[in-house]
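In what follows, a single structure is set out as structure tokens and then discussed.
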Amino acid sequence: MNGATLSLKRLFAAACVALTAVTTTVVLTASPAAAAVSDGAVFNNPLVAAEQYKIRDHVRTLIDGSPAGSTIRIAMYNFTDTVISGALISAKDRGVNVRLVVNYDTSTSAAVTSLKTALGTDRTQASWVSVCTSGGACIGSAGTPIMHNKFYLFSSTNGSSNVVVQSSANLTVSNATVYWNNAVTLVGNAGLYNAYADYHSDLAAKVKNSNYYTSVLSGNAKVYFFPRAGTDETTDTIYNMLNENITCEGNTTTGTSDLHRTIIRVGMWYFSRDDIARRLKELANEKCWVDVIYTEADAGVLGQLRGNSRIAVYQVPENPNIIHSKYLAIEGTYIDQKDTKWVITGSHNYSNAALRENDEAMIRIKSDAIFDQYRANFRTVRANAVPDPNSAAS
């Protein structure tokens, strides 16, 4: 082999090494960072396999995106999902502070048991699990209360701060595969985040108070925490919203397609507060349009809602699906603001227990974009519901 040939072979070998190095560098390049979190709603669809776990997947993305030193706070009524418990344990292992409040009845599930082992129950530490009172709630002390919350707080995740997720969904299989649920995310609202964080601290400390009722307005959102003491409709938060703030006429771009009258949509698992139904009937008589989807309702509620030409009633019977969401969507005039769009959602059913006994959170949001998401979901659920033959839905 002559010198020229040897030199060529060495050059070729060197080129191959260089090419390999370049190729290896390309293969090992990290994937792009997750997109920053934004305001918006997420809904599961129990009838479509690919959409059943959309709420859980959204929450898991936020857990996985939480950096070391940040804090995750969760309050959950029913928690059996080991995918989320595993994600929370991984977050704790990488230096995230994880703080969970759960209702007593769910505290022995495999998911929560693993979290108690990994996080401990000592609230003087950075991470912990706090279990509500046996046979009761964390805060509510009247009647037979439960800690019925379903919310998540992230001090930092995927580059965003002060992230609040208010959901209707428990962390169970049935809440994904059988029930219709919703979750709304709000980002960067420090006042809202801090209000929820303070409430979470009170839940964890089991600050007993049968009249805990508190509301905080921050930016485009207002949050309400229960239980609220009282004996009639004057201390019913939803009734007062409907009674004091809604005007049926005067819009120019929103509402009904004919005369732009205000539309009120209710998606509700359990509806038993007759005063709310009575006020909806009165608003229909004032020329608002009312659209209601429910799974369970008492005779008084149905008696008020049926037989009115401007109230359409639909049921998602437990066969096996239910609507587990609890939301009110208003399109029209609210608080003297014409052509506006509002959503009120959370864990709060229209039941006496939700108002007077339970630990619950409910949030009111003024947002065209978020409202439009809820309206689309309402229409999807309604298309899979049964029209009440004694209402305008028939």
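The values are calculated or read from the model by the stated rules, or taken from the named source; none is laboratory data. Keep in mind the model is a prediction, meaning the values are calculated, not measured. FYI the Cβ positions are ideal-geometry reconstructions off the backbone, even for glycines, and counts take in every protein chain you see.
Quick notes on this one:
- Some residue of region 248-263 being within 30 Å of residue 177 (Cβ to Cβ) and either of a type in the set (Phe, Trp, Tyr) or touching a Ser or Thr at 6+ places or on another chain (Cβ under 8 Å) (or both): no
- For region 133-149, the condition holds for no residue, the condition being that it is closer than 24 Å to residue 55 by Cα and of a type in the set (Gly, Ala, Ser).
- Summed over region 197-215, residues that are in contact with an Asp or Glu (Cβ under 9 Å, 6 or more places away or on another chain) and among the aliphatic types (A, V, I, L, M) total 1.
- From the options 265, 306, residue that is assigned by TED's automatic domain parsing to the domain that holds residue 333, crowded, with 19+ Cβ neighbours inside 10 Å, in contact with a strand residue (DSSP E or B) (Cβ under 7 Å, 6 or more places away or on another chain) and of a type in the set (Lys, Arg): 265
- Selection of first residues in region 188-209 that are over 13 Å from residue 101 (Cα atoms) and without any contact (Cβ under 8 Å) to a residue 40 or more places away in the chain and of second residues that are loosely packed, with under 15 Cβ neighbours inside 10 Å and of a type outside the set (A, V, I, L, M), restricted to Cβ pairs under 6 Å at least 6 apart or on distinct chains, gives the following pairs, ordered by first then second residue: 189/219.
- For residue 84, the conditions (1) hydrophobic (A, V, I, L, M, F, W, C); (2) more than 20 Å from residue 182 (Cβ to Cβ); (3) surrounded by fewer than 23 Cβ atoms within 10 Å (Cβ to Cβ) all hold with the exception of (2).
Yes/no per residue for (1) surrounded by fewer than 21 Cβ atoms within 10 Å (Cβ to Cβ); (2) among the β-branched types (Val, Ile, Thr):
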| residue | (1), (2) |
| --- | --- |
| 172 | yes, yes |
| 199 | no, no |
| 210 | yes, no |
| 216 | yes, yes |
| 223 | no, yes |
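- Any hit, region 342-355, residues being of a type in the set (Gly, Ala, Ser), in contact with a Gly (Cβ under 8 Å, 6 or more places away or on another chain) and within 9 Å of residue 226 (Cβ to Cβ): no
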